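Engineer: Have a look at this one.
The values are calculated or read from the model by the stated rules, or taken from the named source; none is laboratory data. Quick caveat: nothing in here was measured; it's all calculated off a predicted structure. Neighbour counts are summed over all protein chains in view; Cβ atoms, including those assigned to glycine, are modelled from backbone coordinates with ideal geometry. Ligands, DNA and RNA are excluded from the accessible area calculation, which covers all protein heavy atoms including side chains. Shrake-Rupley method; radii C 1.70, N 1.55, O 1.52, S 1.80 Å.
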Amino acid sequence: MLSVLVSFVLSLLFASFLSSEGFKGSTGVCMSLDSPSSDKMSGLNTFKVKTLAGIEMPRLVYGTAWKKETTTALVMEAVRQGFRGIDTACQPRHYREDLVGEAVDKLIQAGEIKREDIFLQTKYTPVGGQDMKSIPYDPKAPVEDQVKQSFAVSLKNLRTSYIDSLVMHSPMRTHEETMRVWRVFESFEKEGKVRQLGISNIYDPDRLKSLYEEAEVKPSVVQNRFYPDTGYDAEIRSFCLQKGIFYQSFWTLTANPHFLKHPVTQTVAKQRNWTPQQAFFRFVMDLGITPLTGTTDSTHMKEDLESITAPSLQSEEFKTLEKMLDPSFYRR
């Protein structure tokens, strides 16, 4: 019940802050929801948000994990459909960061986009998340050097001189070690090599709060799996809203098949002539979340993007779906 209460308060706060001029976290930094603007390539109106770092970030980001050799073609198709945010990682075990760079470079060379049109987000993955056969840095080096080596590989792979968003793929084993990594991240930001910082797979609110309190450059994004086992991160999302941090969700659809199949979701989708997936994406964006999607289907890419400009849920629809964020809902 606590997760439901926190989630309800969170949604009320988000709704009260939302306006044509954006909304502000407790830091006073404006997190704006810009008016739709015409996209020359797709003709699709897209929304962007302004983060703590003062940069624009797409409300829906294309994820590239597990796409292997198809990464180049899929990223190119995603951009052509209208995606402007691409998420990857310097983790050959699960990502082909080099092929993301190849795709973006091909689109730039063809004159279809400019580098500044694309929001590139990549990650430093600690040794524990790497395959030792393909690890992109020296695992025996001090952690500071590991981060620097990984970042150099990312710049080379992505064929760019800067990264829009650099994310820790997970906290380190201790808070002290996490801060050692973060200090190197901050040096990249101060040197103009990175525009914003973030952290992923952090499910302990206290660890996130400690990082935030000690960081000179505050995290702009927290990227976590959005699913029932964590109570949909109600406390972490509440903290993010208070501090002006954007919560990015991954496995947004994959981890919630029960949500998509539920009669409540089906009814909302049918009434609005949406797919259940569109209804869920619209719902999580109404919560203030910036979701990732990794679909490999062109039609689904287009449908996912349409959810950005779809009308927000009515109050009663929103409240009905919000009740489903309580894991006990499915035991009734």
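Engineer: Where residues in the range 252-301 are closer than 17 Å to residue 74 by Cβ and assigned to a helix (DSSP H, G or I), which of them is least open to solvent (accessible area, probe 1.4 Å)?
Structural biologist: Step one: of the range 252-301, the residues closer than 17 Å to residue 74 by Cβ are 253-254, 292-301.
Next cut, assigned to a helix (DSSP H, G or I) only: 298-301.
Details: 298: 48, 299: 81, 300: 89, 301: 1 Å².
The residue in question is 301.
Engineer: What is the number of the single condition among (1) open to solvent by 20 Å² or more (accessible area, probe 1.4 Å); (2) of a type outside the set (A, V, I, L, M); (3) modelled with pLDDT of 50 or more that residue 42 does not meet?
Structural biologist: (3)
Engineer: Hey, another quick one. Can you tell me which residue is farthest from the chain's Cα centre (by Cα) among those in the range 205-231 that are among the charged types (D, E, K, R) and within 21 Å of residue 284 (Cα to Cα)?
Structural biologist: 229
Engineer: Still on this structure: Can we say residue 180 is open to solvent by 60 Å² or more (accessible area, probe 1.4 Å), within 25 Å of residue 131 (Cβ to Cβ) and assigned to a helix (DSSP H, G or I)?
Structural biologist: So residue 180 fits the description; yes.
Engineer: Could you list all residues from the range 144-164 that are open to solvent by 20 Å² or more (accessible area, probe 1.4 Å), touching a residue at least 60 places away in the same chain (Cβ under 8 Å) and among the hydrophobic types (A, V, I, L, M, F, W, C)?
Structural biologist: 153
Engineer: Identify, from the list 295, 290, the residue that is touching an Asp or Glu at 6+ places or on another chain (Cβ under 8 Å) and either under 24 Å from residue 71 (Cα atoms) or at pLDDT 90 or above (or both).
Structural biologist: On the way: 290 fails: touching an Asp or Glu at 6+ places or on another chain (Cβ under 8 Å).
After ruling out the rest, the residue left standing is 295.
Engineer: What are the pairs, 6+ residues apart or on separate chains, where a residue within the range 130-143 that is of a type in the set (S, T, N, Q) has its Cβ under 7 Å from a residue that is part of a loop (DSSP other than H, G, I, E, B) and open to solvent by 20 Å² or more (accessible area, probe 1.4 Å)?
Structural biologist: Filtered contacts from the range 130-143: 130/93; 134/92; 134/93.
Engineer: Residues that are among the charged types (D, E, K, R), under 20 Å from residue 116 (Cα atoms) and surrounded by fewer than 22 Cβ atoms within 10 Å (Cβ to Cβ): does the range 200-213 have at least one?
Structural biologist: Scanning the range 200-213, I find no residue that is among the charged types (D, E, K, R), under 20 Å from residue 116 (Cα atoms) and surrounded by fewer than 22 Cβ atoms within 10 Å (Cβ to Cβ), so the answer is no.
Engineer: Does residue 329 fit the bill of being surrounded by 13 or more Cβ atoms within 10 Å (Cβ to Cβ), within 22 Å of residue 82 (Cβ to Cβ) and aromatic (Phe, Trp, Tyr)? Steps first, please.
Structural biologist: Values: surrounded by 13 or more Cβ atoms within 10 Å (Cβ to Cβ): yes; within 22 Å of residue 82 (Cβ to Cβ): no; aromatic (Phe, Trp, Tyr): yes.
Criteria not met by residue 329.
Engineer: Another one. Is it the case, given these coordinates, that residue 234 is in a loop (DSSP other than H, G, I, E, B) and either in contact with a strand residue (DSSP E or B) (Cβ under 7 Å, 6 or more places away or on another chain) or farther than 22 Å from residue 47 by Cα (or both)?
Structural biologist: When the stated conditions are applied, residue 234 does not pass them.
Engineer: Something else: Collect the residues in the range 194-229 that are assigned to a helix (DSSP H, G or I) and modelled with pLDDT of 95 or more, keeping them in residue-number order. Break it down into steps so the answer makes sense when it comes.
Structural biologist: Here is the first cut: in the range 194-229, the residues assigned to a helix (DSSP H, G or I) are 205-214, 228-229.
Selection gives 205, 206, 207, 208, 209, 210, 211, 212, 213, 214.
Engineer: Let me ask something else about it. Has the range 158-165 got any residue that is of a type outside the set (A, V, I, L, M), assigned to a loop (DSSP other than H, G, I, E, B) and touching a Gly at 6+ places or on another chain (Cβ under 6 Å)?
Structural biologist: Kept after step one, since they are of a type outside the set (A, V, I, L, M), are these residues of the range 158-165: 159-162, 164-165.
Adding the requirement that they be assigned to a loop (DSSP other than H, G, I, E, B) leaves 159-162.
Next, only the ones that are touching a Gly at 6+ places or on another chain (Cβ under 6 Å) stay: 159.
Checked the range 158-165: at least one residue is of a type outside the set (A, V, I, L, M), assigned to a loop (DSSP other than H, G, I, E, B) and touching a Gly at 6+ places or on another chain (Cβ under 6 Å).
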